[in-house]
Every structure is written in C-alpha cells, then in structure tokens.
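A.B. asks: Structure provided below as structure tokens; questions to follow.
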Amino acid sequence: MKKLSWLLAVVTLLASGGYVLVYVYRWEWHRAQLVGILFLALLVGLSAALVLRRLGQLEGTRRQPAGRVPEPLQRLRAAPVESPPFRWLRPEDLDRTHIFIPVLLGGGVLVSGIAWLVERLAGASARAGVEEELAASLRDIAFPGEPLVPSRAEALAAPATTSDPAVRLLLGPPAAGGPR
Amino acid sequence: MRRPLAWLALAAVVGVGVLLLRAELMTVELETPEGSFTDVVVAAEVKQEDDPDAVREEMTRGLVSTCRLLVNADVVAESFRAVEPGVFAFRLRPGLDEFDVRELRGCLSDARVQHLLVDVLHLQTVTSADGVDAPDR
C-alpha cells in the first residue's frame with residue numbers, strides 16, 4: 001500500500017510537471033498555473049515525506065528495545081560486514097588509479113632505505129679519511145719529545161744548554177745566562 | 001562516474017527543452033495582408049444546473065471579448081451568431097498570424113471563466129491571396 005502511494009505520487013508529479021509544459025505550449029496560462037500549483041504542492045509533499053521517512057529509519061536504527069537482549073543471530077546480522085582486505089590489489093582494480101597510492105608509498109619506503117644506506121656508507125668512509133688527515137695536521141704542532149723546561153739539576157749543571165733562543169727566552173734569565 | 005554523466009545529460013535535455021519552448025512561445029509580429037480576416041467556430045458548454053442555455057451565449061461573448069483584446073483584433077459587427085445550440089461563430093478583423101492564432105486558441109480553450117468550457121472547432125485566417133472574399137455576416 002505504501003509503495004502504491006509512492007508510485008501514485010511520483011506518477012502524479014511527473015504528469016503534472018509535463019502538463020505544465022503542455023499547457024504553456026498551448027498558451028493556456030490559467031490551466032498551467034493550476035497544474036503548476038499542484039506540481040509544486042506534490043513536490044513539497046514528496047520531499048517532506050522523503051525526509052520524514054529517512055528520519056524514521058534513523059530513529060528506528062538508533063532505538064534499541066529496552067530490557068531485551070538481542071539474539072545471537074540478530075547480533076551477527078547487525079554486525080558490520082567485514083570488507084575484503086587489500087581491495088586495491090584485486091586484479092580487476094589494477095588498472096584503476098587507486099593502485100598508484102600504495103605503489104607510491106612502497107616506493108617511498110624503498111627509496112628512504114636506500115638513502116639511509118648510502119648515508120651510512122658515506123659517513124663511515126669519510127670518517128676514516130678525515131681522522132687520518134687530522135692526525136697528520138696535529139703531528140706538526142705536537143709537543144716535542146723532550147721536556148721544554150730543564151729539570152733543576154740540568155739547570156744547575158748547564159744553565160744554557162739549549163741553543164734555541166726561543167727556548168732560552170722561555171726559560172728565563174737563568175737559562176739565558178743573565179744575572180739573577 | 002555514471003551519476004555526474006546522468007545529471008549532465010538531464011541538464012542538457014532540460015536546456016534543449018527550454019530553448020525549444022522558448023522558440024515555440026516567442027511571439028513575433030507579422031504583417032497581416034489588407035482585407036484578411038479570421039473565422040472562428042467554438043462549442044461552448046456551461047456547467048451550471050439552472051438554465052445553462054440562457055447564460056451560455058452571454059458567457060461566450062464575454063470570453064470572446066476578452067480574448068480578442070489579447071490578439072488586438074476586433075469582432076466584426078453582427079458576426080457573432082449561434083450556428084447550432086451551443087455552437088457559436090464569429091469573425092475577427094484583421095486576420096491573425098500564426099502566433100496570434102495560437103494565442104487566441106489557447107485563450108478560448110483556457111479555463112478563464114468559471115463554469116464555462118469552450119472548444120475551438122474551427123480557426124482559420126483567410127487572406128485576399130487565398131482568393132476568398134467572403135462578406136461579413
């Protein structure tokens with residue numbers, strides 16, 4: 001009965017809409033106005049009925065019968081259907097565009113791994129060369145093997161044993177042979 | 001992908017329909033030849049319980065007077081007559097072009113007057129080129 005009502009309303013809507021055009025074409029403006037009003041009223045009524053039906057469906061799904069535990073079969077039927085995993089890998093979908101995104105993500109991971117490996121190799125090889133070069137540079141400014149300052153006994157025995165004027169200046173007047 | 005195409009096709013159909021309707025409803029002033037006239041025969045029906053025959057001619061005359069203003073033509077004097085019971089004939093001068101003929105037919109057939117239904121039986125414009133020179137009745 002409800003389906004029949006819907007069918008009747010839709011057929012009437014289409015017919016009234018068509019007759020509006022027919023009457024306008026025939027230059028019968030009064031008839032066109034009357035049928036146009038009917039068309040608008042049906043349109044508003046059908047739209048309201050659609051909205052109310054949708055609201056009723058939503059309310060029905062939201063409202064659970066109080067104090068009644070649903071049967072296991074009802075629970076199973078009410079449970080959401082599990083969607084097939086990796087839908088984008090189905091053969092019929094391989095030529096679609098959404099295969100592009102997983103491939104892009106996978107390619108990104110692969111390229112990141114290669115970049116990480118290259119960086120590690122470059123760092124390892126550069127560190128050995130840099131250390132050798134630094135050691136060679138430091139060797140030129142390394143402290144001499146013998147102590148810069150003579151011991152007290154050496155100073156007493158030979159006040160000016162060194163011939164280097166810079167060392168003698170560093171040693172001070174005793175080393176330079178000056179008066180104390 | 002199918003739904004936008006369907007909407008696009010529907011919009012195209014509606015657009016073409018509106019353009020066709022506009023072309024059909026466009027009123028263009030055409031020169032009517034000198035001496036042309038239009039003969040009209042209508043069948044009138046009055047939906048009234050008490051004595052419909054008495055008011056039928058009067059209501060039809062009123063409707064004709066309204067509709068002839070719409071097409072800017074005059075009813076020839078004394079040309080309005082009852083051919084049969086419920087069938088009336090009259091002549092308009094000057095003759096109507098095809099656009100005015102459509103307007104007049106729509107105006108007469110329209111539900112303009114309450115309780116009165118008019119059916120146009122004959123509507124023809126006669127020019128001097130047609131070789132007809134009928135006297136006004």
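Read the figures in this text as sums done on the coordinates, not as results from a lab. Everything numeric in this text was worked out from a predicted model, so none of it was measured. Note that each Cβ is placed from the backbone with ideal geometry, even for glycine, and that neighbours are counted across all protein chains shown.
A.B. asks: Do any GluC sites (Glu not before Pro) in the stretch B:46-91 lie in a DSSP loop with no more than 10 other beta carbon atoms within 10 Å, and if so, which?
C.D. replies: B:GLU49, B:GLU78
A.B. asks: Please pull out the direction-averaged projected area of the stretch A:2-62, using the convex hull of its alpha-carbon atoms, in nm² to one decimal place.
C.D. replies: 4.1 nm²
A.B. asks: Along the charge dipole of the protein assembly as shown, Cβ charges K/R +1 and D/E -1, which of A:VAL24, A:GLY56, B:THR27 sits furthest on the positive end?
C.D. replies: Going by the charge dipole, the pick is A:GLY56.
A.B. asks: Averaged over every viewing direction, what's the projected area of the C-alpha convex hull for the stretch B:20-75? Give it in nm², one decimal, please.
C.D. replies: 6.0 nm²
A.B. asks: Which residues in the stretch A:19-36 have a backbone N closer than 15 Å to a point placed 7 Å from the Cα of B:LEU117 along the Cα-to-Cβ line?
C.D. replies: Counting backbone N atoms under 15 Å from the label point, the list is A:31.
A.B. asks: Under 15 Å from a label point 7 Å along Cα→Cβ of B:VAL76: give me every residue in the stretch B:17-48 with its amide N that close.
C.D. replies: B:33-41
A.B. asks: When N counts the residues of chain B, how does its alpha-carbon radius of gyration compare numerically with 2.2 N^0.38 Å, as a ratio?
C.D. replies: 1.38
A.B. asks: At 7 Å along Cα-to-Cβ for each site, give me the label-to-label distance between B:VAL83 and A:GLU146 in nm.
C.D. replies: The two pseudo-label positions are separated by 15.1 nm.
A.B. asks: Based only on the alpha carbon positions, what is the Kirkwood hydrodynamic radius of the protein assembly as shown, in angstrom?
C.D. replies: About 32.1 Å for the protein assembly as shown.
A.B. asks: Wrap a convex hull around the Cα atoms of the stretch A:98-138, take a quarter of its surface area, and give that in square nanometres.
C.D. replies: If I average the Cα hull's projected area over directions, I get 2.8 nm².
A.B. asks: Okay, next question. Rounded to the nearest 0.05, what FRET efficiency do A:ALA135 and A:ARG77 give with R0 = 51 Å and r taken as the Cβ-Cβ distance? Could you check?
C.D. replies: 0.05
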